Amino acid sequence: MANNSYSGVKNSMLEANHDGEFGCSLKELRSLMELRGAEAISKIGESYEDTQGLCNRLKTSPVDGLSGQPADIEKRKTVFGQNFIPPKKPKTFLQLVWEALQDVTLIILEVAAIVSLGLSFYKPPDAEREHCGRAAGGVEDENESEAGWIEGAAILLSVICVVLVTAFNDWSKEKQFRGLQSRIEQEQKFTVVRGGQVIQIPVAEIVVGDIAQIKYGDLLPADGVLIQGNDLKIDESSLTGESDHVKKTQEKDPMLLSGTHVMEGSGKMVVTAVGVNSQTGIIFTLLGSAEEEDDEEDEKKKEKEEKKKQRKTKAQDGAAMEMQPLNSDEGADAEEKKKANLPKKEKSVLQGKLTKLAVQIGKAGLVMSAITVIILVVLFVVDTFWIQNLPWVKDCTPIYIQFFVKFFIIGVTVLVVAVPEGLPLAVTISLAYSVKKMMKDNNLVRHLDACETMGNATAICSDKTGTLTMNRMTVVQAYLAEKHYKKVPEPENIPSSILDILILGIAVNCAYTTKIMPPEKEGGLPRQVGNKTECALLGFSNDLKRDYQAIRTEIPEEKLYKVYTFNSVRKSMSSVLKMADGSYRMFSKGASEILLKKCYKILTANGESKVFRPRDRDDMVKKVIEPMASEGLRTICLAYRDFPASEGEPDWDNENDILTGLTCICVVGIEDPVRPEVPDAIRKCQRAGITVRMVTGDNINTARAIATKCGILQPGDDFLCLEGKEFNRRIRNEKGEIEQERIDKIWPKLRVLARSSPTDKHTLVKGIIDSTVIEQRQVVAVTGDGTNDGPALKKADVGFAMGIAGTDVAKEASDIILTDDNFSSIVKAVMWGRNVYDSISKFLQFQLTVNVVAVIVAFTGACITQDSPLKAVQMLWVNLIMDTFASLALATEPPTEALLLRKPYGRNKPLISRTMMKNILGQGVFQLVIIFTLLFAGEKMFDIDSGRNAPLHAPPSEHYTIVFNTFVLMQLFNEINARKIHGERNVFEGIFNNIIFCSIVFGTFVIQIVIVQFGGKPFSCVALTIDQWLWCTFLGFGSLLWGQVISSIPTSRLKFLKTAGHGTQKEEIPDEELEELEDMDEIDHAERELRRGQILWFRGLNRIQTQIRVVNAFRSSISLYEGLEKPESRTSIHNFMTHPEFRIEDSEPHIPLIDDTDAEDDAPTKRNSASPRNTTPTPPSPTPTPTSTAAPTTPVSPSPNQNNNAVESSNHLLPEGPKSGTPLAPGSPLHSLETSL
């Protein structure tokens, strides 16, 4: 029939047709898709008679789909467009260069270099040279004064180098990000019917006219019209904002829109609009074109608005929230594209800590460089005009200005070296590298920071099916015809009447998308496609030597009268057939304990049905279901019910009446074997301090059996296994509200949660994250595959979605997609996450050593010899080594199994532990001693001319070249030291596994030789002899030997060491500030520090006055939280400058923290020792001045999110106070004075 109507349509249409040969134009279809509900139906009726007519015009068949011939597909793409929304253009390389040039320090340097260039071309008349003072003396040779421009040019050149490197890094980062995006998009496949075959094609290949099969959990890739549906409910909130699920039927509302989620049911649709013409695409083009017309401003506003919306919904999500993409205002494709456009938006815990640290170091550097310049200028002025008593002569002005410019350049280079611009670079490189490598370990990372959060994970809530088990289900036991078979029975032993009903029920009441395909390789296992539990049943029918496919051919899906699809509330699925005599027969399958309650008959051995009483049911549960479950089998009950024709048609919408009075056919036990590598992976997790919990929908005995096989439950442990009902009963109060205290009683011991609903999973995850029982905030990872896991995945710190079994909705909500659905890949993710953290710490340890040394050398050198021993260009080279190259070398260390032997770092574990601080200071002292020895005694040791106090354009000296060379070589050898941060002895361990590291160290060495031997004037270097080179190398090598000495000193002895680089937590930011931050694109800690300075100053003063009143009130009644710094005060006004040190040690025993890797680390209440601190003692006055307030501020209002530091430690505090020999109470004003000293 279809063919005739085809040709008929063809002929009648040819004349009137405007779009090639299709019976409707793009415009018509677009306007059709804008209608909803009844309007849409009447429009389809007017224009096309019905959906069949629409399919005919689009030249497609509802049963067989498109022919799938390439020519036809191409034509459709040209007429109706392709199914992909073009992303926004990436930034060009030039734009990135321009962005890199915006760096303040670089701009200052450029200006200085240009001024210096300009002045070097000015030649004052020679005659007056003498009376401009000693400094100008030393008449230059002609060629020397010619070379005056070289320094300026060299600085400009090195600036260009730095800029190009930065831009190139940004560019490759962007490129990788886009590559990742496109990979995620290619991963997405969708089921369509082509040429009568059901196949999966990439979403981008879908064309108008395709017949797409949609099922529970899909994210619709294109707009379409429903042609057949069962119980279909759709979540259209991404387009309409309405959270209620919309029921879709052919009669009432057949319009399906792209970017919406299928929440229940299944069906088929004919695709009517793709790509930019779909609803999502239209919204997207609007957004895109608006942005092009308007200015950047509007775009920013828009983002802010979006962010605000998002922040309101996500405010409760703590730290995870910063990374979430805008939760689709236009569905998923849009979201993907948005993410591709905004890779810069990613700010994580680690990046927060780093930006904060960088700002602090930068401020310190700024102060140092300012002091350097001032000292140089003052010394010069005093020397020239006062000691030599010279008048300021007009002719000499240019010479003096040249001096001042030189001082200025020295100051700026100090600043350049002090500012660690390599930090963000190191993070990016490290994360990008990890993400790339994690691909090989089957982790597809969607949000960069998930990778590093994973390193801190303390708990994993895993699904059972498919993650811990193989998800290859097979029926291994059955209770059939009153007999319990321990293996699949022979078909001869079963009455044929029962067998027929059983096979019919299995064939009809399993989704038609589920099938068993022949194996791919000879001798392999047959392939299971679709829902695995249903595959097990279909396999069971094959084992009984019956063919389910024949029945399906006889009864196609369209003939099913009604289908109740499986959802998490029903926990069962039913299909209704209309029999020839007008009666109805319904087949049901579902969880055995649920369906057996609805059965009142059971089929006996002779094929008759007999009454099935509650007593029989209890009997069956004991004798059949529990034994099956205790072997780790999943029990499924199959049943049916007849509705006689005499009673008329039942009311299908009243589910409770329909789904009762069933007759049980059989109960089957389905085995899902544990993956062989899982027990080992779980053991590794437990050793690494990560608790694994299993959350499953299976019954509790099955769950317990599997958990024991996996090693989640050890025999003899007193851990809890709860069912969802019991769990809910325990965590809710009389009114039925969930109480955090009640959850806190349960979760530390809970290991298995069975028969759990998606909400239980979400409750558990939220409960663990919000919990304050344990010192440290828990970081929770969750795995999920179903649509209903979305909320839990979003709520978790890291959400893992299954790449194979996962629905689109789950993938959309996740941070990492496991491409092989395997639990052991999660362990890999933990390893990579910890590795990122360690790489950053290694880099910091190296970077800060160079910073400290270079700044001090330049500073003291400048003050004593009026000229920095390290010249501007040399400093920039050092900067390049230590920032860019080192971040590449140290951030790409591959992870080792050893990372899994330590407990997770806490969320507020400082970046720089005390061991690292010891290494930094130790190496710094060593390098300074050597450099200063060389600087002030080097000329005697090497028997060369001194380079100190050289005139303005003096040629480079051997002396200063040796200083520079030794300095660089010491950094190179120290880079090897920096490979270990936990105080290990062997720093060479595994060094050859990292090719990048070796090549960078070697490459730097070669370039250094070239610079020294042939650098000449631009680098202020002179070629050195082989002896001098050997001495320099020997002194450099000394830092490796010295490293061994340092590691022999136990850190616990060095009480004065502090940690640095604490994070700012979301909860630490006072509310008023949060409101202001709402407007920013994300919580960027560095910007917070800088931007809020002024506002805060005023508000701070007001707040101080209130706080002082409160403090005084508190002072009178002793408070629990006395003397303890509560997290909020960390971001109080004078963020860096005035943080008195809180030494609780002197009045309390040391509190061991979970997150101390070195057992000696001080409690995290220590403040940042890297930050310049206010050290002026302020007299304790009744209303202290702003400088002293930071101490009294602290006891105010204990925050609920203390991470319980305070409560724990104050328990020691109060009783110990008097005993500890310090008469001062920790909260007293005198104590605060003492701490601020």
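Points worth noting:
- Of the solvent-accessible surface of the stretch 727-833, computed with a 1.4 Å probe and all protein chains present, 51% belongs to carbon and sulfur.
- Lysine pair count for the stretch 460-590 (Cα-Cα distance under 12 Å; residues 8 or more apart in sequence or on different chains): 4.
- Once the C-beta distance of residue 730 and residue 709 is scaled by a Förster radius of 25 Å, the resulting FRET efficiency is 0.40 to the nearest 0.05.
- Take 807-814, 647-654, 769-776 and order them by the average number of nearby Cβ atoms within 10 Å per residue, most first; the result is 807-814, 769-776, 647-654.
- Segment residue 377-residue 199, length gained on full extension (0.36 nm per residue, minus Cα span): 56.3 nm
- For residue 572, residues with placed amide H under 5 Å, excluding near neighbours: 567
- Zone of residue 497's modelled label, taken as backbone nitrogen in the stretch 641-674 under 18 Å from a point 7 Å along Cα→Cβ: 641-644, 662-666
- For the stretch 471-580, the solvent-accessible area works out to 48 Å² per residue, with a probe of 1.4 Å and every protein chain left in place.
- Over 18 Å between alpha carbons, listed pairs 353/684; 440/828; 745/794: 353/684; 745/794
- Candidate residues 618, 821: accessible-area rank, largest first, probe 1.4 Å: 618, 821
- Cα-projected label distance for residue 35 with residue 482, points at 7 Å along beta-carbon direction, nm: 6.1
- Residues of the stretch 1010-1027 falling in the label zone of residue 160, defined by backbone nitrogen less than 16 Å from a point 7 Å along Cα to beta-carbon, are 1018-1019.
- Compared with the alpha-carbon gap, the fully stretched path from residue 79 to residue 285 is longer by 72.3 nm at 0.36 nm per residue.
- Evaluated on the stretch 397-501, the Kirkwood hydrodynamic radius is 21.7 Å, with distances taken between all distinct Cα atoms.
- Pairwise Cα separations in the stretch 901-1032 fall into 10 Å bins from 0 onward with the following percentages, short to long: 10, 32, 30, 18, 8, 2.
- The stretch 38-94 and the stretch 376-420 have Cα centres lying 74 Å from one another.
- Shape of the stretch 579-676, Cα gyration tensor, a/c cut at 1.5: prolate
- On full extension, the segment bounded by residue 657 and residue 1007 gains 117.6 nm, given 0.36 nm per residue less the C-alpha separation.
- Distance between the 7 Å Cα→Cβ label points at residue 597 and residue 1049: 6.9 nm.
- The fraction of accessible area contributed by carbon and sulfur in the stretch 443-540 is 56 percent, rounded to a whole number (1.4 Å probe; ligands and nucleic acids excluded).
- Percent of Cα pairs exceeding the 16 Å cut-off, where the set is the stretch 37-98: 67
- Inter-probe distance in nm under a simple model that places probes 7 Å from Cα toward Cβ, at residue 186 and residue 397: 6.7
- Percent accessible area from carbon and sulfur atoms, the stretch 908-1045, protein chains only, probe 1.4 Å: 71
- Note that the stretch 396-451 presents 24 Å² accessible area per residue, ligands and nucleic acids not counted, probe 1.4 Å.
- Per residue, in Å², the accessible surface of the stretch 952-1017 once ligands and nucleic acids are set aside, probe 1.4 Å: 39
- Centroid-to-centroid, using Cα positions, the stretch 537-591 and the stretch 727-790 are 36 Å apart.
The values are calculated or read from the model by the stated rules, or taken from the named source; none is laboratory data. For clarity, every value in this text was computed on a predicted model and none was experimentally measured. As a convention, Cβ positions derive from the backbone with ideal geometry for all residues, glycine included, and neighbour counts pool all protein chains shown. To get the accessible areas, we keep the full protein, side chains included, count just its heavy atoms, and leave off ligands, DNA and RNA. Shrake-Rupley method; radii C 1.70, N 1.55, O 1.52, S 1.80 Å.
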